[in-house]
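Quick notes on the structure that follows.
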Number of protein chains: 2
Amino acid sequence: MTTINDIAKLAGVSRSTVSRYLNSNGYVSEDATQKITKAIEETGYLPSQSAKSLRTKKSGVIGVILPKISTETASRVITGVNKVLQSNHYQMLLTDTSLESEKEIEFIRLLQSRHVDGILLLGTNQEPALIQAIEEANVPIIVLGQEIAETISVTYPDYEATQTMIEYFIEQHYQRIGFIGVDPSDPAVGQIRKQAYEDTLKKHQLPMNENWVQIGDFSIESGYQAMQTILERSTDETPDAVFVVTDRMAVGAMQCMKEHQLQIPADIAIATTGASTLSQYIEPSLTTIDFLNEEAGEKATELLLEAINGKCPQKKLMHNYRLLKRDSV
Amino acid sequence: MTTINDIAKLAGVSRSTVSRYLNSNGYVSEDATQKITKAIEETGYLPSQSAKSLRTKKSGVIGVILPKISTETASRVITGVNKVLQSNHYQMLLTDTSLESEKEIEFIRLLQSRHVDGILLLGTNQEPALIQAIEEANVPIIVLGQEIAETISVTYPDYEATQTMIEYFIEQHYQRIGFIGVDPSDPAVGQIRKQAYEDTLKKHQLPMNENWVQIGDFSIESGYQAMQTILERSTDETPDAVFVVTDRMAVGAMQCMKEHQLQIPADIAIATTGASTLSQYIEPSLTTIDFLNEEAGEKATELLLEAINGKCPQKKLMHNYRLLKRDSV
């Protein structure tokens, strides 16, 4: 069994240097870092986590709870999280709720039982049971993507970005603007984006038509279905533009438009949110809102590390966005 | 502090029933399961992991090491893994190497230090250091996607599927077949698929031309670049078909073909591997190999649970595939 003393000996440095290295606690020279890394690799030395935790009260690991691993949004956030963790010698454990919101609570408990130093939650709801689990947690928790009262949260500018996109439609002389959203149980995507859509139409005195507004469940198929319903129900007056709250649903909606022989954007324009690879390579390419998810992941992780280190970071932070103007509008 | 006795009392069942429930060890009726779940939810009871581990020597958690969370392949595998774990009351911790292979070793150690019962590794290489880390691990490890000697592994039929696809080109009367691969450090994708390509051309006495063979790094951009190089180098005789080993690189290659005003498949055909959403919605839709990754994830997880429960599962398993014939060939 390799000990910390063996590592020190093999690397030719003092035991306290190895300890500083292992606990990311104080200065270790580049040269010493290399020697220690080599010694650890050669011996397969595994620092006893419980012993390490007892000494530093830190495990060097944060937990991340994702709604669904398969979305590009999630993977970009993780890229940003990884960047910040690596430069701070932290590691990451992930959990995937498969969009089952009750699992968020289960995983907050699981991650604590695995002694993570903090948790980053990619939020999907504001259920009281979730808020309670966050309040009762004994490690810092940061929520990205939803505002949760009393918790440090990084939110996307859902309202502003949606408003800007609807006004971009209007500038381009579209007047009958439809909307494909999601269930209001997701406040950021399901409520705020819809509110922005309605407010912007009102502000510009444009017609509202309930036949032009449908919801989906984030899947491509549901976007197709929602568009199909809009076209069926608005036979006398069809929309000339549709805003869809996620890229995947927009891909489905576009498929439906094509099957109805509608020319995009001549007969009907479409814009969306997400800036996915698919939105870029589909034809016509989709005009979309880019929420710069990788940067958001970096920012949230920096706040989490501050909280872990006993600082009190800013409680509410709104992230940036940009409009990607492509061929579908 | 809630104890197991409090849960038993609240649920109106015996302490041993709660214990069986918590340890997934023996029969618990549907009715009792519901009552216990409710009691645990209401109290926020968190079974002490160390106490639980001491009793059962099981933590009820498996670790998964992914090469890159952002690929659809990985997310489909995870969907399959999650399915099997849920029906066996297991939870999952994930790690993401961002395609840095040395992290696979680091994470095998990290996950063990978090007391997982077993590890599923989505393999990318056969480096001696990795094989050593697998051999030295004190929990069962299953590798999916690469064959690792002495380890339980589930592999994809890289050779057979590639051969079938090249022969499909030949049936469709393509004769000058190019290839975009990846670095041979990835044996399954970088070596076996290329070997199948070369063998199949030889078998059918078709011309081999080194100008038609390039490699990329899995990114869309690298696929574009590889295709660009193929077109630049083969001015006198260009390929009339190209097989690309991953969907993302194929999307880049297709982009390059379009910019050169090549009609797909009339001027040049393209086929690939991965069956991603992008491959389906891009125009023309891509003919591709579907490795049924979700099922592969299920299968690998079933083997892992068998190994955790002391059975000796089959050591080597080759998974299925199907050819999706679309518009690009």
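The values are calculated or read from the model by the stated rules, or taken from the named source; none is laboratory data. Only a predicted model underlies this, so the values are computations on that prediction, with no experimental measurement involved. Methodologically, a virtual Cβ is constructed for each residue, glycine included, from the backbone with ideal geometry; neighbour enumeration extends over all protein chains shown.
The table below lists the values:
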read-out	value
Residues of segment B:159-196 satisfying the condition of being crowded, with 16+ Cβ neighbours inside 10 Å and touching a Gly at 6+ places or on another chain (Cβ under 8 Å)	B:180, B:181, B:182, B:188, B:189, B:190, B:193, B:194
Out of A:298, A:283, sole residue that is of a type in the set (Asp, Glu) and within 22 Å of residue A:178 (Cα to Cα)	A:283
Unique match (being of a type in the set (Val, Ile, Thr) and surrounded by fewer than 22 Cβ atoms within 10 Å (Cβ to Cβ)) among B:95, B:79	B:79
Residue A:37 vs. criteria at pLDDT below 90, outside any strand (DSSP E or B), buried (at least 19 other Cβ atoms within 10 Å of the Cβ) and more than 8 Å from chain B (Cβ to nearest Cβ)	no
Every residue from segment B:65-80 that is hydrophobic (A, V, I, L, M, F, W, C), farther than 20 Å from residue B:220 by Cα and within 9 Å of chain A (Cβ to nearest Cβ)	B:78
From the options B:146, B:175, residue that is within 17 Å of the chain's Cα centre (by Cα) and assigned to a loop (DSSP other than H, G, I, E, B)	B:146
Residue satisfying condition, being buried (at least 17 other Cβ atoms within 10 Å of the Cβ), outside the structural domain of residue A:89 (by TED's automatic domain parsing), hydrophobic (A, V, I, L, M, F, W, C) and modelled with pLDDT under 95, within set A:231, A:262, A:278	A:278
Residue list for segment B:149-172, restricted to those being assigned to a helix (DSSP H, G or I) and not aromatic (Phe, Trp, Tyr)	B:158, B:160, B:161, B:162, B:163, B:164, B:165, B:166, B:167, B:170, B:171
Residue, nearest to residue A:156 (Cα to Cα), within segment A:223-245, restricted to residues that are within 21 Å of the chain's Cα centre (by Cα) and more than 13 Å from chain B (Cβ to nearest Cβ)	A:245
Pair list, Cβ under 9 Å, 6 or more apart: segment A:259-271 residue within 14 Å of residue A:231 (Cβ to Cβ), other residue buried (at least 17 other Cβ atoms within 10 Å of the Cβ) and of a type in the set (S, T, N, Q)	A:259/A:228; A:260/A:228; A:262/A:238; A:264/A:328; A:267/A:238; A:268/A:238; A:270/A:287; A:270/A:328
Positions within segment B:178-222 being in contact (Cβ under 8 Å) with a residue 24 or more places away in the chain, over 24 Å from the mean Cα position of the chain (by Cα) and over 28 Å from residue A:278 (Cα atoms), in sequence order	B:199, B:200, B:201, B:204, B:206, B:207, B:209
Flag for residue A:156 being over 20 Å from the mean Cα position of the chain (by Cα) and crowded, with 23+ Cβ neighbours inside 10 Å	no
Subset of segment A:106-132 that is of a type in the set (A, V, I, L, M) and surrounded by fewer than 20 Cβ atoms within 10 Å (Cβ to Cβ) - its residue that is nearest to the other protein chains (Cβ to nearest Cβ)	A:129
Identity of the residue in segment B:82-100, more than 9 Å from chain A (Cβ to nearest Cβ) and within 23 Å of residue B:125 (Cβ to Cβ), that ends up modelled with the lowest pLDDT	B:99
Breaking point among (1) surrounded by fewer than 21 Cβ atoms within 10 Å (Cβ to Cβ); (2) in a helix (DSSP H, G or I); (3) assigned by TED's automatic domain parsing to the domain that holds residue B:305, for residue B:100	(2)
Qualifying residue in segment B:133-142 (condition: surrounded by fewer than 19 Cβ atoms within 10 Å (Cβ to Cβ), assigned to a helix (DSSP H, G or I) and within 8 Å of another protein chain (Cβ to nearest Cβ))	yes
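Let's see how each residue does on (1) of a type in the set (A, V, I, L, M, F, W, C); (2) within 14 Å of another protein chain (Cβ to nearest Cβ); (3) more than 27 Å from residue B:209 (Cα to Cα); (4) touching a Cys at 6+ places or on another chain (Cβ under 8 Å):
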{"position": "B:248", "(1), (2), (3), (4)": "no, yes, no, no"}
{"position": "B:262", "(1), (2), (3), (4)": "yes, no, no, no"}
{"position": "B:266", "(1), (2), (3), (4)": "yes, no, no, no"}
{"position": "B:322", "(1), (2), (3), (4)": "no, no, yes, no"}
{"position": "B:327", "(1), (2), (3), (4)": "no, yes, no, no"}
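Results for (1) more than 23 Å from residue B:108 (Cα to Cα); (2) without any contact (Cβ under 8 Å) to a residue 12 or more places away in the chain; (3) over 18 Å from the mean Cα position of the chain (by Cα), shown as yes or no for each residue.
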{"position": "A:64", "(1), (2), (3)": "no, no, no"}
{"position": "A:79", "(1), (2), (3)": "no, no, no"}
{"position": "A:86", "(1), (2), (3)": "no, yes, yes"}
{"position": "A:95", "(1), (2), (3)": "no, no, no"}
{"position": "A:104", "(1), (2), (3)": "yes, no, no"}
{"position": "A:109", "(1), (2), (3)": "no, no, yes"}
{"position": "A:129", "(1), (2), (3)": "yes, no, yes"}
